[in-house]
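K.L.:
Here it is, the structure, as structure tokens.
Just so you know, all these numbers are worked out from the coordinates, no wet-lab data involved. Small disclaimer: the values here were computed from a predicted structure and weren't measured. Positions of Cβ are backbone-derived with ideal geometry, glycine not excepted, and every protein chain shown enters the neighbour counts.
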Amino acid sequence: MSSTTLIRTQGLTKVYQMGDFEVHALRGIDLSIEQGEFIAIMGASGSGKTTYMNLLGCLDRPTAGSYELDGIAVHEMSSEKLTKVRNEKIGYVFQSFYLLPRTTALENVELPLLYTRNMGHKERISQAMEALDVVGIKDRARHFPNQLSGGQQQRVAIARAIVNNPVFLLADEPTGNLDTRTSVEVMALFQKLHAQGMTVILVTHEHDISRYANRIITFRDGLIISDKPNPQPRNAAEDLKTMPELDLDR
Amino acid sequence: MSIIGIIKIALKSLARNKTRTFLTMLGVIIGVAAVITMLAIGEGAKKIVEDQINSMGTNVIMVSSNFMSQQSNVRQAQGSGNLLEVEDVEAVKDDIDGVLYASPILNTWGRLKYENQNWRGGVMGVDVDYFNIRNMTAEQGELFYPSDVENSSKVCVIGKTIADNLFGDVDPVGKIMRIRNIPFIVKGVLKAKGENVMGMDQDDIVLVPHTTALTRLIGHRWRFMTIIVSAESKERIQMVQQDILELLQNRHRGTTSESFVVNTQTDIADTASSVSNTMTILLASIAGISLLVGGIGIMNIMLVSVTERIKEIGIRMAVGAHKRDVLLQFVIEAVTISILGGLVGIFLGWAATSVVGKTMHWNVAITPFSILISVTFSCVIGIFFGWYPAKKAANLNLIDALRYE
């Protein structure tokens, strides 16, 4: 893996104005993330990890500081351009999946492609099917979200995140709504994508989950309190073998 | 993202919520259908009135004595203050430019009898010109001739109502009909004209030569004469009317312009069409209100839809939808609803119009104008009432939208 800097934040600060109060969610975060890393961001609620994730994901803008993504100064961009960055460079995986209701898995995965450059209908479908294949759920392409289990829905969401070949995956508590075995399955999927070269940034408060990452960063009160490599991450695929099969449909 | 792509997204989103889409559309459907139907009925009423006015004849001017005139200081010689004479008709015809036809009208009533059947009806003494003025033709038999007028022949032409009531299945042509016990030969039956503007049956009529009427039925003492004139063209009506008044004043000493009453068809037509126009406007504004309510319905549902879909909007914006894309999607959804509703409404309005036309035997007409106005209206409603919710959707804060529960 070449070690190119993918993300660099310097003095990243976020202050929320709540009436007369100023809430300092982030107090100046300096962080560099190399291409091909698998990072877990830890922290209790209120530690600023979600705020940081929103900023990394270009969902929100910093009060101060700089953020360079893939060599581009993102903090200076207009919201129009940020939309393009979100579409082309970032893949999101959310805790509660955020799939569009009454919309098939395939159509959900197609969604980011609809807002990209003009792409033919066939090309779009084949690219979406490919993504569904990668997450191992191609046979459920025509199902609606309410016909899928939680694990399957999260796989569809991951397929949607990778369909546009983003430069990194940003997952916010992706296992928060899943049972243990399904959580490990999803982690196995992230590890597989990581092995193929994808940069993965995972926000979680579960220690068990963070142990599958190669680097663990911990937030508290808007600051990083620890940033340690995890030289021997757990292997989710191996863990699965030791776990009992609960339900084939899961 | 291309417009076509957004249109596809909007259509898919409508298709996913068929019930909601249909209910929203219903307001526009009913509104447009109402506008179309009301305008068609108004148009139909106008046509009926026009037809009735045209059935009076073409470019008609009616002249009679003014019994109400205070200035009339003429001797009450014969009759009851009537001034007009048959010679006036000849003068009008010969001396005034632009007069095509002129005929006296002598009105009377009488018992009509054929064998053992009785009928009481109006009898009019007229000249042959009268048929031309009123566009009358014979459906059976023929009309009477100038020679019948010259000879004061005891002949008559009857309207359809009389033919039906007095003769029943018998062909009246050539039969003897008694008017006040005086035998008249029925020469023909007039083509039916239906009701006039006032709702009177125009077929309940017997026409006899005015000479015969004067000598046999009325007598000079009780005559009351009207002169009916047909001008050459609509433009000349005004002028001919003036000339007639002048001529009559010259012919009858001591009269003023107040001594005569002149009515033209244009006067009547103007009044009638202004009444039916008012009716149309009234009907259309009622229908317009329902269209407006339909539009507010769209806004309502679209606003609810925005709230209901805040998360969807958040997801779309997170994966790369621009503000413009969201705005357009919602506007297109609203416009699609109104246009589709408009089209269904036109169809429904057409159906309703046909039903009304069939059951009421009206010549109802859907004009291109009414289609144009309702389609334009529904598009405008779609954009107008769709814009605000769409703007609201597009201006949502991304983080808030994503976290919205």
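K.L.:
Within 10 Å of each Cβ of B:311-317, how many other protein chain Cβ atoms are there on average?
P.N.:
5
K.L.:
Expressed in whole Å with the largest first, what are the equivalent ellipsoid semi-axes of segment A:82-228 derived from the C-alpha gyration tensor as the square root of 5 times each eigenvalue? Write out the running numbers ahead of the final one.
P.N.:
Numbers: eigenvalues 139, 64, 34 Å².
After scaling each eigenvalue by five and taking roots: 26, 18, 13 Å.
K.L.:
Please give me, ordered by residue number, the GluC sites (Glu not before Pro) of segment B:138-220 that lie in loop per DSSP and have at most 14 other Cβ atoms within 10 Å.
P.N.:
Loop-located and lightly packed - B:Glu142.
K.L.:
Hey, any idea what the orientation-averaged projected area of the convex hull of chain A's Cα atoms comes to, in nm²?
P.N.:
14.2
K.L.:
From zero up to wherever the largest Cα-Cα distance of segment A:18-136 sits, split into 5 Å bins and tell me the percent of pairs in each.
P.N.:
Calculated P(r), rounded to whole percents: 2, 8, 15, 18, 18, 16, 12, 6, 3, 1, 0.
K.L.:
Please list, or write none, the lysines whose alpha carbon is within less than 24 Å of the alpha carbon of B:Lys187, excluding same-chain residues fewer than 8 places away.
P.N.:
B:Lys113, B:Lys154, B:Lys160, B:Lys175
K.L.:
How high is the relative contact order of chain A, given as a whole-number percent (alpha carbon pairs under 8 Å, six or more residues apart)? List each step's numbers first, then the result.
P.N.:
Values: 491 pairs, mean separation 64.3, N = 250.
Across chain A, relative contact order equals 26 percent.
K.L.:
Restricting to bridges with both residues inside chain B, how much of the DSSP beta-bridge set is antiparallel, in percent to the nearest 5?
P.N.:
Details: 39 of 48 bridges.
Counting only bridges with both partners in chain B, antiparallel ones make up about 80 percent.
K.L.:
Kindly work out what percent of the DSSP beta bridges joining two residues of the protein assembly as shown are antiparallel, to the nearest 5.
P.N.:
Just about 70 percent of them are antiparallel.
K.L.:
If I fit a long axis through the Cα atoms of helix A:121-134 and take the longest principal axis of the Cα atoms of chain A, what angle between them do I get, 0 to 90°, rounded to 10?
P.N.:
Result, in degrees: 90.
K.L.:
Go ahead and estimate [θ] at 222 nm for the protein assembly as shown from helices alone: -39,500 (n - 2.57) per DSSP H run with n ≥ 4, summed, over the residue count, rounded to 500.
P.N.:
After summing the helix terms and dividing by residue count, I get -15000 deg cm²/dmol.
K.L.:
Rank by packing, highest mean first: peptides A:37-49, A:12-24, B:361-373, B:326-338, with packing defined as the count of other Cβ atoms within 10 Å averaged across residues. Could the numbers behind the result be given before it?
P.N.:
On the way: A:37-49: 20.7, A:12-24: 12.6, B:361-373: 15.2, B:326-338: 25.2.
Top to bottom by mean Cβ count within 10 Å: B:326-338, A:37-49, B:361-373, A:12-24.
K.L.:
Over 19 Å between C-alpha atoms is what I'm after, so list which of B:Lys311/B:Lys392; A:Lys192/A:Lys228; A:Lys14/A:Lys84; A:Lys138/B:Lys8; A:Lys122/B:Lys8 land there.
P.N.:
Details: B:Lys311/B:Lys392 13 Å; A:Lys192/A:Lys228 22 Å; A:Lys14/A:Lys84 22 Å; A:Lys138/B:Lys8 24 Å; A:Lys122/B:Lys8 15 Å.
Going by Cα-Cα distance, A:Lys192/A:Lys228; A:Lys14/A:Lys84; A:Lys138/B:Lys8 fall outside the 19 Å limit.
K.L.:
5 Å is the cut-off here: which amide hydrogens, built 1.01 Å from N in the peptide plane, fall below it relative to A:Leu6, excluding neighbours closer than 5 in sequence?
P.N.:
Long-range HN contacts for A:Leu6: A:Ile33, A:Glu34, A:Gln35.
K.L.:
May I ask for the Kirkwood hydrodynamic radius of the protein assembly as shown, worked out over all distinct Cα pairs and given in angstroms to one decimal? Display every interim value, and only then the final one.
P.N.:
Values: mean 1/r = 0.0306 Å⁻¹.
Final number for the Kirkwood radius of the protein assembly as shown is 32.7 Å.
K.L.:
Mean Kyte-Doolittle hydropathy of 0.0 or higher plus an axial Cα length of 15 Å or more: which whole DSSP H helices in chain B meet both?
P.N.:
On the way: long enough: B:3-16 (20 Å, 1.44); B:18-55 (53 Å, 0.79); B:237-251 (21 Å, -0.17); B:265-308 (63 Å, 1.12); B:323-360 (54 Å, 1.20); B:368-394 (37 Å, 1.19).
Helices passing the filter in chain B: B:3-16, B:18-55, B:265-308, B:323-360, B:368-394.
K.L.:
Follow-up. In nm, to one decimal, how far is the modelled label at B:Arg111 from the one at B:Glu150, with both set 7 Å along Cα→Cβ?
P.N.:
With each label placed 7 Å out from Cα toward Cβ, I get 3.6 nm.
K.L.:
Using only the alpha carbons of chain B, what is the convex hull's orientation-averaged projected area in square nanometres?
P.N.:
28.4
K.L.:
If you don't mind, there's one more thing I want to ask. Could you tell me the convex hull volume per residue, in Å³, taken over the Cα atoms of segment B:73-255?
P.N.:
It comes to 126 Å³ per residue, whole-number rounded.
K.L.:
Where does the longest stretch of chain B lie that holds no trypsin sites (Lys or Arg not before Pro) found in a DSSP loop with 10 or fewer other Cβ atoms within 10 Å?
P.N.:
No qualifying site falls inside B:76-252, the longest such stretch.
K.L.:
May I ask you to work out the translational diffusion coefficient for segment B:267-325 at 10 °C, viscosity 1.306 mPa s, via Stokes-Einstein with Rh from the Kirkwood sum over Cα pairs, reported in whole µm²/s?
P.N.:
My calculation gives 104 µm²/s for D.
K.L.:
Computed from the mean reciprocal separation of all distinct C-alpha pairs, what Kirkwood hydrodynamic radius does segment B:345-385 have, in Å? Walk me through the numbers on the way to the answer.
P.N.:
Details: mean 1/r = 0.0887 Å⁻¹.
That comes to 11.3 Å for segment B:345-385.
K.L.:
Can you work out ³J(HN,Hα) from phi for every residue in segment A:226-232, in order, using Karplus 6.51 cos²θ - 1.76 cosθ + 1.60 and θ = phi - 60°, giving whole Hz and x for Gly and Pro?
P.N.:
Computed from phi, the couplings for segment A:226-232 are 8, 9, 10, x, 10, x, 10 Hz.
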